[in-house]
Amino acid sequence: MNGEAAAGRERTPDPTDRGHVPNRTATEDPGHAPDRGPAPDPTAPAAPRSAPDDTAPATPDSAPDPAPPTAWGPVPPSAKRAVDLLASTALLLLLAVPLLALAAAVAATSRGPVLLRRERAGLNGRPFPMLTFRMTPATRVGKLLHRHYLDHLPQLLNVVRGEMSLVGPRPLTPERTAALTGADRVRTAVRPGITGLWQIGGRTGLPWEEMAVLDAHYVREHWLGMDLAILARTLPATTRGRGPRRACGLRQA
């Protein structure tokens, strides 16, 4: 009986037996794909990448993009130019009769040309002839033109020609512009204007240092809303009239 029990027992396989073939598991079956764990979730956020090594030399693919130019500030030059062209053309058509009347008054009260061409520095210091009505302080017409800034009206033609803007720093002579240094040269980054920040405040007698600060502030911070606000305040400023000038070491245009 013991022999039958021993014969009935399952024989333990001997791994050293060449005739024995070990049992293959499911993962060892050639026809069965190995178990590689659960499939990745496509909606799961990607693992953060390690920070780049700042000490590694920059390559053309990793080189930072150059900073964009900021000379024009927040207002694109094309948008400002479009507003200047449309507004100056409309003003010339609207003021055609008053301009002819002023030209006739200047011609009738004094001798000489009605319009004067004064050389001024424009965008990037480029010189151009700025137009003004000829003023003779001894005449009533000359005093009227000077007090209410009417001598500047012919500069609408400069705006149409692209030499000036409706709003901006007042143009300086080429000699004065060439002498500018440091932060004062920022005024040449935009076209000079007929009106500006210090003109609408009635502060035409400001010293050069204060005017330069206001002009530099406009160049760096100007935007379309600021230009429209300055234009809206220009008419009351011209109606109020120009205040008395103080000696400031600079002949204003």
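Computed values, structure above
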{"quantity": "Subset of the stretch 206-233 [surrounded by fewer than 16 Cβ atoms within 10 Å (Cβ to Cβ) and outside any helix (DSSP H, G or I)]", "calculated": "Pro207, Trp223"}
{"quantity": "Among the candidates Thr27, Thr59, Thr55, residue that is modelled with pLDDT under 95, assigned to a helix (DSSP H, G or I) and of a type in the set (S, T, N, Q)", "calculated": "Thr27"}
{"quantity": "Residue within the stretch 139-157 that is in contact with a Lys or Arg (Cβ under 8 Å, 6 or more places away or on another chain) and under 12 Å from Arg120 (Cβ atoms) present", "calculated": "no"}
{"quantity": "Tally, over the stretch 118-171, of residues that are within 25 Å of Ala101 (Cβ to Cβ) and not in a loop (DSSP other than H, G, I, E, B)", "calculated": "24"}
{"quantity": "Enumeration of residues in the stretch 121-154 that are under 25 Å from the mean Cα position of the chain (by Cα), crowded, with 20+ Cβ neighbours inside 10 Å and not hydrophobic (A, V, I, L, M, F, W, C)", "calculated": "Gly122"}
{"quantity": "Hey, Val75 at pLDDT below 90, among the β-branched types (Val, Ile, Thr), surrounded by 10 or more Cβ atoms within 10 Å (Cβ to Cβ) and under 15 Å from Arg191 (Cα atoms) or not", "calculated": "yes"}
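The values are calculated or read from the model by the stated rules, or taken from the named source; none is laboratory data. Here the structure is a predicted model, which means the values were calculated and not measured. When we count neighbours, we look across all protein chains shown, and the Cβ atoms used for this are built from the backbone with ideal geometry, even at glycine.
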